[in-house]
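The values are calculated or read from the model by the stated rules, or taken from the named source; none is laboratory data. Just so it is clear, the structure is predicted and the values come from calculations on it, not from any experiment. Heads up, the Cβs are rebuilt from the backbone with ideal geometry, glycines too, and the neighbour counts pull from every protein chain shown. Calculation scope for accessible area: heavy atoms of the full protein, side chains included, ligands and nucleic acids excluded. Shrake-Rupley method; radii C 1.70, N 1.55, O 1.52, S 1.80 Å.
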Amino acid sequence: MTRTTDTFINLSGRARIANAYHADLFVSFHHNSGGGEGFESYIYPRLRHTRTGSIQDKMHAAVMDFYASHGLQDRGKKEADFAVLRVTTMPAILLENLFLDSAKDAQYLKQPSFVKGLSSAVANGILKAVG
């Protein structure tokens, strides 16, 4: 975890903290906005056929299994030059967990039982990814 209080740490700073701790895996949790629905995951470009790509495959599948059971959309496994993916020295993935500006998605995110299920799905994905 990059922080335990409600303080802002810029994206590159979050990655540097993980690097300083010599983390084995960096997982960045986000909620999307800007119009749309569903779940997508990101890794740094050109890492599809590396350990990072394998981790994305396993984590995306585990999280999407949970979302699919609720009829939520799979927006796919993607690549992007995001700071937290670029600056980390370990495998890194960014999870965009639904859209805050979608009434359908936001309604799910307001349900404690849904958030607990999502948390379990992410933990299960991490377990599958790292063994």
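List of remarks:
- Residue match in the stretch 97-118 (condition: within 15 Å of Val27 (Cα to Cα) and open to solvent by 50 Å² or more (accessible area, probe 1.4 Å)): no
- Test set (1) touching a residue at least 12 places away in the same chain (Cβ under 8 Å); (2) in contact with a strand residue (DSSP E or B) (Cβ under 8 Å, 6 or more places away or on another chain); (3) farther than 18 Å from Arg14 by Cβ - Leu95 fails condition number: (3)
- Some residue of the stretch 110-130 being touching a residue at least 40 places away in the same chain (Cβ under 8 Å), at negative phi and not in a helix (DSSP H, G or I): no
- Meeting the requirement of 2 or more residues that are open to solvent by 30 Å² or more (accessible area, probe 1.4 Å) and in contact (Cβ under 8 Å) with a residue 12 or more places away in the chain, the helices (runs of 4 or more DSSP H) wholly within the stretch 1-92 are 11-20, 51-68.
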